[in-house]
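The values are calculated or read from the model by the stated rules, or taken from the named source; none is laboratory data. Keep in mind that this is a model prediction, so the values were computed, not measured. Cβ: placed from backbone, ideal geometry, glycine included. Neighbour counts: every protein chain shown. The accessibility values were calculated without ligands, DNA or RNA, using every heavy atom of the protein model including side chains. Shrake-Rupley method; radii C 1.70, N 1.55, O 1.52, S 1.80 Å.
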Amino acid sequence: MVIWLRTIQLGIKSLWLHPLRSLLTVLGIFIGVASVIWLLAISKGIGDEARKQIESLGADTIIIRSMKPPTEKLSPSGVTPYGLTREEFAMLIETIPTIRGALPIREIRRQFQYADRVIDGRLVGCTPEYADVTKLKVQRGHFITDSENSNYANSCVLAANVADDLFPVEDPIGKRIYMPESTDYYNVVGILEPKMASAAIGGSLSSQDFSRDIYIPIKTLQQRIGDTVTTRRGGSFEGEILELNQITVRVAQVSDVKRTAELIEQALASHDRLEDIAVVVPLELLEQARTTQAMFMIFMGMIAAISLLVGGIGIMNIMLATVTERTREIGIRRALGAKRADIVRQFLVETSVLSIVGGVTGILFGLLCGPIINLARYAAEWYSPETMRQLPEVIQTVQPQILPESIPIAFYISLAVGILFGIYPAMRAAKMNPIEALRHE
Amino acid sequence: MIKVNASTTQHACRIRDLKKEYVLKSETVRALRGVTFDVPAGDYVAIMGPSGSGKSTLLNMLGCLDQPSSGELFLGEDNVAQMTDDELADVRSRRIGFVFQSYNLIQQLTVVENIQVPLFYQGRLGPKEQARCLELAQMVGLKDRLSHRPTQLSGGQQQRVAIARSLVNDPYFILADEPTGNLDSRTTEEILQLFQRLNDEGRTIILVTHEDEVSKRAKRVVRLKDGLVQWDRTNTEEVRAQAAKYAIDNMPVEV
Ligand SMILES: Nc1ncnc2c1ncn2[C@@H]1O[C@H](COP(=O)(O)OP(=O)(O)OP(=O)(O)O)[C@@H](O)[C@H]1O
Ligand SMILES: [Mg+2]
C-alpha cells in the first residue's frame, strides 16, 4: 500500500518535471472524457424533451386535426366548409375496431367578459374525457360532465389564467361569463390548475397554450354557436364553416397505433381533397426523436472515441519518449533491486496519473455542460439572432441532463485508456538490460 | 555506529571457474575465461587490469546484474548462477551495495530519498528505515543536505550519497567500479578514507581501479588480463600506510 502511495508520489514528481508536456499529453483524454459526459447529458436532454412531448399527447393517441386549406383550393366566393365532420367522427368509431375511444374537439377564438373585464381567449367544445387525455387537473368544482353534455347545459370550466384575469377578487364558481360575439352566458362550474403549454410537435401541430381556455360541452357549443363562426378581428370579419377542429383517438394497445393510423388515413382518403386534415401520431414523433438522439449519440460518440484514441496515442508517444529519456534511471533502479514488475508499475502509475488528471478535469468540464451550452446560446443569440433562429429546434431548446452514472463511466474509460496505452512503454522499460541501461548517456 | 551484519559465512563471495562469453554475429567475445578466487568477509579487494580485460564484466556478475556463461558464483550460501531475474533483483536489493563511477543518483529524488531506494524495493519504508537513512547521511557528512537534489551537489558529495545508499541494505559487500574515476585527487582521498573507515568497521569492499595509488590502499589486489587472473597479491600494512601518507602529503593546497 505504502509502495503504491510512494510510486504515485514519484510519478507526480516525475511528471511535474515537465509540466507543459504533461498538460498537453492530458488534453486528448480531457476532451474525450468531457465529450463522453456531454454526449450522455445532451442525448438524455433530447430524450427527456421527446418524452415530455409524448406524455402531453399520449403514446396511445392519434390526433386528427383540421387544417385551413391552401387558398388555391378554396372557391373564390363565399366561405367553403372544410375539416373534419361529425359524420366522419361516427364513421371512424364504428368502422375501426382498435379504437378504444375518440373525442371530438371544436375550438373558437372568442372574447370573454365578466362585469367590465374583457379578455381574448379560446372557447373549447369538448367531452368529459378531454380533461383526462390532455392531463388537465381540476382545482375547484368539476370538469364538464356527461349529463351536462347530453343536456346541452351552459356550464363552463375556466383555465387558471382566465379565472385570475376575469375574477381577480371574487370566487368565479357560480358566476356567469358573457361572450359578446355570440351574446351568450355560461355558468362557471370548475376551475383548472395552471398547466404548462404543451411542446410543439413537428410541423403539423404548433404548441398548445392552455392558459386562455374556457371549456364547454361540445353539444352545447354545437347548439348555441353552430358550425359557422364569424369572428371580428380588427375591422374585418373572418368566417369559417367547420364541424370539428380535432379528433383525438385513443387506441387500445400501443402496438396497434401504427396500424390504426393507417386505417384512419384510408378511411379519410376520400375526404382529403382539400388537403385540410392531418393525422399526427405522437408515437412516430417519439421514434423521430429517438433517431435524432441516436444520430447525435453516434456523432458525439465518434468525437469521444477519436479524442480518446488520439489522447491514448499521445500518452503512449510521450511515455515512449520518457522511457528512452530515463533509461539511465531505469538502469539505476534495476541495479538497486527493482524487479521488472516494479518498473512496469512505476510507468503504469505515471500514465494512470496522466489519464486520471485528464479524466477528472474532463469530468469537471463535462459537469459544466448545461451552463456552457446556455452561455453559448446566449452569446449566439446576442451575436446573430437570425442564425440562431434558423438552427434546428433541438439545438435551441435542449437542456442537457447529467447522468450520474456517466461520471464513473467516464472515469473508468480514462483510466482504461491510460493503462491500455501505457502498458507497451512500461513493458519496454522493464525489458531493458540493466547493464546497458546503466551505460546509457 | 552502524552495526555490521557479521556474515554467517566466512566468505562474502566465492568465484569458481567463472566464464562469460558474448556471442555476437561475427564472433564470440570471451570476456572472462575461467576466473577463480574467494573474497573473505571483511576483505578490501582492488581489481586491476588493462582496458578490456574483463573487470567490469566480473563486477557486473558479482553484482548480479548479469549471469555467467558457466562456472559458479556464491554470495554467502546462494549460488547466484542459477537464479531467475526476479531472484537476482531481490539479491541486489538485499545483499549488494553499488557505487558507480558516474554516481548514478536519481535526479528527481532528494539525498535522503536516494539513499532509501534499495529499501523501497524491499518494501521497507517504516520510521526505522527512515532513521537509518538519516544516520547514513550523517555518517557521510551530508546531514545538512538532506533535501538537496543531486544537481545541487558536487561530484564528491554525490559519490558520498551513493556510498551511503550502498550501505543502506547492510550488504554482503560494496562493489565500486572506478568510484574515483571522475574525482580530483582531494575528493578521491576523501572517498578512499571513507572506504578505509568502512573496511575498518568490517565492511567488505571490492573496487575496480586503474590507479596504482588507489589499489595500494586496498588489502589485496587482483589483476586480470584477457579474462584470466594474472596475479592476486596482498598489500602489506607498510605499503598501505605509505600510500595513505603519500596521498595526504601530496594533497593540493586549497585555493
Ligand atoms: N555487452 C557486450 N557485448 C559484447 N562484448 C562485450 C560486452 N560487454 C563487454 N564486452 C567485451 O568484453 C570485454 C571485457 O569488457 P569489460 O567492460 O569487462 O572491460 P574492462 O576491463 O571493464 O575495461 P575498461 O577498463 O575499459 O572499463 C571487452 O572486450 C568488451 O568489448
Ligand atoms: Mg570497465
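For A:V254, the conditions (1) under 25 Å from the mean Cα position of the chain (by Cα); (2) among the aliphatic types (A, V, I, L, M); (3) closer than 30 Å to A:P128 by Cβ; (4) surrounded by 17 or more Cβ atoms within 10 Å (Cβ to Cβ) all hold with the exception of (4).
Restricting the search to segment B:30-57, which residues are away from ligand 1 (no atom under 11 Å from the Cβ) and farther than 20 Å from B:G202 by Cβ? Across segment B:30-57, the qualifying residues are B:G34, B:V35, B:T36, B:F37. Whenever a residue of segment B:154-178 is in contact (Cβ under 8 Å) with a residue 24 or more places away in the chain and within 16 Å of ligand 2 (Cβ to nearest atom), its partners that are among the basic types (K, R) and open to solvent by 10 Å² or more (accessible area, probe 1.4 Å), lying with C-beta atoms within less than 9 angstrom and at least six residues away or across chains, give the pairs B:D177/B:K55; B:E178/B:K55. If the condition is being within 16 Å of ligand 2 (Cβ to nearest atom), surrounded by fewer than 20 Cβ atoms within 10 Å (Cβ to Cβ) and either closer than 18 Å to B:G97 by Cβ or among the hydrophobic types (A, V, I, L, M, F, W, C) (or both), then segment B:8-51 contributes only B:V29. Looking at segment B:181-222, which of its residues are within 14 Å of ligand 2 (Cβ to nearest atom) and either crowded, with 17+ Cβ neighbours inside 10 Å or closer than 15 Å to B:F37 by Cβ (or both)? Of everything in segment B:181-222, those that are within 14 Å of ligand 2 (Cβ to nearest atom) and either crowded, with 17+ Cβ neighbours inside 10 Å or closer than 15 Å to B:F37 by Cβ (or both) turn out to be B:I206, B:L207, B:V208, B:T209. Beta carbons closer than 9 Å, at least 6 apart along the sequence or on distinct chains, never pair a first residue in segment B:52-70 that is under 13 Å from B:L18 (Cβ atoms) and within 9 Å of ligand 2 (Cβ to nearest atom) with a second that is assigned to a helix (DSSP H, G or I) and among the acidic types (D, E). On inspection, A:R345 fails the criterion of being over 28 Å from B:D170 (Cβ atoms), open to solvent by 20 Å² or more (accessible area, probe 1.4 Å) and touching a residue at least 24 places away in the same chain (Cβ under 8 Å).
For B:N60, the requirement of being open to solvent by less than 50 Å² (accessible area, probe 1.4 Å), more than 8 Å from ligand 1 (Cβ to nearest atom) and of a type outside the set (D, E, K, R) is not met.
Out of curiosity, is B:G141 within 16 Å of ligand 1 (Cβ to nearest atom) and open to solvent by less than 70 Å² (accessible area, probe 1.4 Å)? Here the answer is no, as B:G141 does not meet what is asked. Taking B:G123, is it small (G, A, S), within 14 Å of another protein chain (Cβ to nearest Cβ) and open to solvent by less than 50 Å² (accessible area, probe 1.4 Å)? Yes, satisfied.
Consider segment A:108-151 and keep the residues that are of a type in the set (G, A, S) and buried (at least 19 other Cβ atoms within 10 Å of the Cβ). The one that is modelled with the highest pLDDT is A:G125. Just to be sure, is A:I363 hydrophobic (A, V, I, L, M, F, W, C) and within 14 Å of chain B (Cβ to nearest Cβ)? So A:I363 fails the test. Every test in (1) of a type in the set (K, R); (2) more than 42 Å from the chain's Cα centre (by Cα); (3) closer than 24 Å to A:F30 by Cα is passed by A:R377 save one, and that test is (2). Checking the condition of a type outside the set (D, E, K, R), modelled with pLDDT of 90 or more and within 16 Å of ligand 2 (Cβ to nearest atom), which residue from B:V112, B:V99, B:V91 passes? None of the others qualify; the one that does is B:V99.
For segment B:170-180, a residue qualifies if it is among the β-branched types (V, I, T) and either within 11 Å of the chain's Cα centre (by Cα) or open to solvent by 30 Å² or more (accessible area, probe 1.4 Å) (or both), and exactly one does: B:I174. Reported count of residues in segment A:402-436, each being in contact with a helix residue (DSSP H, G or I) (Cβ under 7 Å, 6 or more places away or on another chain), within 16 Å of ligand 1 (Cβ to nearest atom) and either not assigned by TED's automatic domain parsing to the domain that holds A:G11 or not aliphatic (A, V, I, L, M) (or both), is 1. Per the listing A:N154, A:N161, the residue uniquely open to solvent by 60 Å² or more (accessible area, probe 1.4 Å) and of a type outside the set (D, E, K, R) is A:N161. Among the conditions (1) more than 30 Å from A:T397 (Cβ to Cβ); (2) away from chain B (no Cβ under 14 Å); (3) of a type outside the set (A, V, I, L, M, F, W, C), the only one that A:D342 does not satisfy is (2). Annotation: of all residues in segment B:71-89 being touching a residue at least 24 places away in the same chain (Cβ under 8 Å) and within 18 Å of the chain's Cα centre (by Cα), the one that is farthest from the other protein chains (Cβ to nearest Cβ) is B:F74. If only residues of segment A:299-342 that are charged (D, E, K, R) and open to solvent by 10 Å² or more (accessible area, probe 1.4 Å) are counted, the one that is nearest to B:N114 (Cα to Cα) is A:E329.
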